[in-house]
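Working notes, structure below.
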Amino acid sequence: MVPFLIAFVGACLILPRLGEQRLWQDEAQSALLARTVIDTGVPRGHSGSNSLSQEDGAEFGKSDVWHWHPWLFFYLVALSFKCFGQTTFAARLPSALFGIALLLLTYGFVKKRWRSPNLGLLAAAILGSNVTFVLLSRQCRFYTLSAFLALWALDAYFDTLDLKPNAPYSLFASLVLLLHTFHFFYAVVVAALIFHAVWPARKSSRTALWAILLSFAINLPWMLWFRTLAFFSHHSPSSTRSFQISFLVDRGEQFILSFVQQAVGLPWFMTALLLFIVDWRQIPFLRQKRAQDKELALIGIFVITQLVLATVLAPAPYIRYLTCILAPGAVLAALVVRKVFRWNRSLGIALLLVGIGSRPIALYAYEMAFGAQGTVDWLVEFFEQHGRPNEVVLTNYEDMPLKFYTPMRVIGGLSGEDLSAARQADWLVLLQHVYSSSKRAERIPQFVTNQLKQEDYEEIRSPFPDSMQQNREELAAHAFRTPEGPPYLILFHRIRRNKQRSID
């Protein structure tokens, strides 16, 4: 009965208005890659005449076969497209379903490991109340699939240590699927499991280590293929500074703060810190003498490994790179609430409510009740009405949504493609909300200034804000409500006269 309740509540949290806001840049890229799977059988770097690159073509090179991300998620979205059509809802449905599945897995994991259905339900409730988790579940991206597979791997690892039948096969399968979802999260899970398995060493750890080693061996050809990516030179300018101490300290602080606030919850984290100060003897859990010490030790190792590797390797301090520790964070929060509840029931209930109330649930409830739109929605609606298939659009950002929703030729600012075709661009879109601090972000504005003539275009002013807020997973960049006020969206249309008009 409880799993059905969790699934129902999870569906009520994640599925409403799932297809309302249009896919933003990164989401649309995933959907376009899924479309190429349908068309050609494998993800490719071009969809018709449009490039799908955001990294100057580094994601596929001369072969045109995509190798910037593993492919499993793109096949799942392609399957969703086959079943439900190439819609916004279908693009986001796989992530939404795995978000619901992660709630169920969190309940089962805690129930099994701590032998407490109530604690499992509490952990699932804390995770479900995490608006960041809900937003990640509503993205056409591989985040919740990765988190589900990571927690599955941890559970299978413990089953392997407990010598349960078929557990090593389950561990092997979860790791293989995780590698083909996101290689970074695979590295995090494998590093954490190996560290836990060899410290302290156990005889039962050998089987787990063999399963991990086998997953590495069978994935080795894919790893060698991924190795050809020039990650540090292409992915982000911040990555080239990843080994400077000052940069690492600053980035580490940002990730730790995100973990405290968005994974565990600040009230619950501060309570845990206070409990530890009051009773420092809790530290013996690291020695793993009690039955549940190994679970706590692995969760701690997993969280630390995730934070360290994200600090060094992640191109930006986005919460998406901590997706896999949202569920462990909820488990830690549930343990803290239970401990306080056992000491004083009223105080425990108050702590639970304060922690849930500290999250922006009211903002998310407002979005579900009244809906929201962003710049991408207005751009797509405009070009669906006024654009023609043979016209060329030049834009510095949000080119992927236009490529997904319209049949136009769209040249984006981060694709690195030849701009010669843009000299005769029919439309210019120069957005102010550009998610890149690199010189590539200035490429299109500089081209417009140096290569195009102002008198060839008319300015079209809209009443819609030019805002960074879309269906993004970052709380500060998510459109919980429709943005208002300036700056307003301005487009330019090629004509042979200099006349200004407005959109009614």
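Worth a mention:
- Its residue count N sets the reference 2.2 N^0.38 Å, and the alpha-carbon radius of gyration of the range 65-134 equals 1.43 times that reference.
- Overall Cα dimensions of the chain, principal axis frame, Å, largest first: 80, 51, 49
- Share antiparallel - DSSP beta bridges, the chain, percent rounded to 5: 60 percent
- Among F447, P486, I299 the positive-end extreme of the charge dipole of the chain (Cβ point charges): I299
- Among the protein heavy atoms of the range 79-173, carbon and sulfur supply 66% of the accessible surface, probe 1.4 Å, non-protein parts ignored.
- Largest to smallest principal axis extent of the C-alpha atoms in the range 293-426, angstrom: 72, 39, 17
- Placing +1 on each Lys and Arg Cβ and -1 on each Asp and Glu Cβ, with no other charges, gives the chain a dipole about its Cα centre of roughly 1760 debye.
- Our helix-only sum for the chain, with -39,500 (n - 2.57) per DSSP H run of n ≥ 4 divided by its residues, gives a mean residue ellipticity at 222 nm of -18000 deg cm²/dmol.
- Of the GluC sites (Glu not before Pro) found in the range 434-484, the ones in coil according to DSSP and having at most 12 other Cβ atoms within 10 Å of their Cβ are E484.
- Loop-resident sites, the range 55-140, for trypsin sites (Lys or Arg not before Pro), counting at most 12 other Cβ within 10 Å (DSSP): R115
- Nonpolar atom fraction for the range 254-413, defined as the carbon and sulfur part of the 1.4 Å probe accessible area, stands at 66 percent.
- Sorted from longest to shortest, the spans of the Cα atoms of the range 417-484 along the three principal axes equal 38, 29, 15 Å.
- Difference of contour (0.36 nm per residue) and Cα-Cα distance, E458 to W343: 34.4 nm
- Evaluated at q = 0.16, 0.17 Å⁻¹: base-10 log I(q)/I(0), Debye formula over Cα of the range 354-452: -0.72, -0.78
- Legend: distances between Cα atoms for K294/K339; K62/K453; K62/K82; K112/K339; K111/K164; pairs beyond 23 Å are K62/K453; K62/K82.
- Sites listed here are trypsin sites (Lys or Arg not before Pro) in the range 158-213 whose DSSP assignment is loop and whose Cβ has at most 10 other Cβ atoms within 10 Å: K203.
- Förster radius 45 Å - calculated FRET efficiency between A350 and L79, Cβ distance, rounded to 0.05: 0.50
- For the chain, accessible area per residue (1.4 Å probe, heavy atoms of protein chains only), Å²: 44 Å²
- Debye log10 I(q)/I(0) at q = 0.20, 0.27 Å⁻¹ for the range 1-48, Cα point scatterers: -0.73, -0.91
- Fraction of antiparallel bridges per DSSP, the range 361-504 only, in percent to nearest 5: 50 percent
The values are calculated or read from the model by the stated rules, or taken from the named source; none is laboratory data. Treat the numbers as computed from the prediction; the structure is a model and nothing was measured. Cβ coordinates were reconstructed from backbone atoms using ideal geometry, including for glycine residues, and neighbour counts include every protein chain displayed. Ligands, DNA and RNA are stripped out before the accessible areas are found, and what is left, the full protein with its side chains, is counted by its heavy atoms. Shrake-Rupley method; radii C 1.70, N 1.55, O 1.52, S 1.80 Å.
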